[in-house]
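The values are calculated or read from the model by the stated rules, or taken from the named source; none is laboratory data. What you see is a predicted model, and the numbers here were worked out from it, not measured in a lab. Don't worry about glycine lacking a Cβ; one is built from the backbone with ideal geometry, like all the others, and counts go over all protein chains shown. Heavy atoms of the whole protein, side chains included, go into the accessibility calculation; ligands, DNA and RNA do not. Shrake-Rupley method; radii C 1.70, N 1.55, O 1.52, S 1.80 Å.
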Amino acid sequence: MFVQRKTVNTKVSISGIGLHSGIYTKVELRPASAGSGITFVRADLDGLRIPALQASITAFDYATTVGRDDVSVGTVEHLLSAVVAFGITDLDIQIDGPEVPIVDGSALPFVHLIDAAGVRPLAVEVPVLRIKHPIELVEGQKSIRVTPSNRLVIKYRIDFDHPAIGRQSVHFDFAHESFAKKIAGARTFGFVRDVEQLRAAGLARGGSVDNAIVLDDRGVINGPLRYRDEFARHKVLDLIGDLALIGRPIVGEITANRAGHALHSRFVEKIIAAAEAEDEQRHPAMAQPSFA
Ligand SMILES: [Zn+2]
């Protein structure tokens, strides 16, 4: 199964503050040639290139970070979620600092940005990663698994012991539903009680009521929500962004339960390892000569 590779039609840019670093950066999406993949390009560091691939991951505690040597780009998941939702496979993402702007905390500003640029099909195809056997990862009450399907479907369940969140579940079918309408607008969220600890650890320095749903112990302090189940929808958004690091489109039915970036990341690793093992079976490396 193959789909056409795609890039953007023209350069477009967006600026803003980084959620964790508090640093302002400008991101420019630029057309890239077929087969080059999605790449972060540090404009402020001689154009150092960091492929948006699982192998580049350097951190996934509160957001997903990709890096190379000592250089990194943080909070890539919301932007990558929008990029792959458009079917884009080849793109240079120029950035002049260490973190993608959080903008409003969702992927909607990136959807509008890509809409403004337009998407251009390239005359080359990319093989889709089609899941043939179930893959599962369980860690206490957290789990994530994928089973074979003819299209990408994501089911995400969360259960937070908080009056404004509780149990929520979302079912998103990529082929039949709109990412822009159902998922892209869902914002990231954080708890007032964690802020001091996060800031002491150098995190959430750019976080505010303008770029995240903020909760105290009783409820949302900066409502209204955009969706009743905005929290679970945001988890779907995050997962799509983390799946982008596979480096090609994936088809399967994914069920996640109370997962997060750390589990997403290990899951993506497992999917890649399974796909490589299958490729190896189909095209075995030449047998080593034996001199015994
Ligand atoms: Zn997120």
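Just a few scattered comments:
- Condition broken by residue 77, with the remaining ones in (1) closer than 23 Å to residue 262 by Cβ; (2) surrounded by fewer than 17 Cβ atoms within 10 Å (Cβ to Cβ); (3) of a type in the set (Asp, Glu) satisfied: (2)
- Within region 129-157, the set of residues being of a type in the set (Val, Ile, Thr), surrounded by fewer than 18 Cβ atoms within 10 Å (Cβ to Cβ) and closer than 11 Å to residue 267 by Cα comprises 138 only.
- Index of the failed condition, residue 181 passing every other in (1) outside any loop (DSSP other than H, G, I, E, B); (2) away from the ligand (no atom under 16 Å from the Cβ); (3) farther than 30 Å from residue 35 by Cα; (4) not polar (S, T, N, Q): (3)
- When 43, 85 are checked against the criterion of being open to solvent by 40 Å² or more (accessible area, probe 1.4 Å) and of a type in the set (Gly, Ala, Ser), 43 stands alone in meeting it.
Let's see how each residue does on (1) open to solvent by less than 10 Å² (accessible area, probe 1.4 Å); (2) under 16 Å from residue 142 (Cβ atoms); (3) out of contact with any Ser or Thr (no Cβ under 6 Å at 6 or more places or on another chain):
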{"residue": "217", "(1), (2), (3)": "no, no, yes"}
{"residue": "230", "(1), (2), (3)": "yes, no, yes"}
{"residue": "239", "(1), (2), (3)": "yes, yes, yes"}
{"residue": "261", "(1), (2), (3)": "no, yes, no"}
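- Complete set of residues in region 57-81 that are in contact with a strand residue (DSSP E or B) (Cβ under 6 Å, 6 or more places away or on another chain), more than 25 Å from residue 113 (Cα to Cα) and away from the ligand (no atom under 16 Å from the Cβ): 58, 68, 71
- From the list 85, 123, the one residue that fits, being touching a residue at least 40 places away in the same chain (Cβ under 8 Å) and within 16 Å of the ligand (Cβ to nearest atom), is 85.
- Residue 165 vs. criteria over 21 Å from residue 86 (Cβ atoms), within 16 Å of the ligand (Cβ to nearest atom) and touching a residue at least 12 places away in the same chain (Cβ under 8 Å): yes
- Condition check for residue 269: on the phi < 0 side of the Ramachandran plot, free of Cβ contacts under 8 Å to residues at least 60 places away in the same chain, within 24 Å of the chain's Cα centre (by Cα) and in a helix (DSSP H, G or I): no
- Within region 236-247, residues that are free of Cβ contacts under 8 Å to residues at least 12 places away in the same chain have Cβ atoms under 6 Å from residues that are within 13 Å of the ligand (Cβ to nearest atom) in no pair, counting only partners at least 6 apart in sequence or on another chain.
- Elements of type strands (runs of 3 or more DSSP E) contained in region 52-167, each with 1 or more residues being closer than 27 Å to residue 213 by Cβ: 57-59, 65-68, 71-73, 91-95, 135-139, 142-147, 153-160
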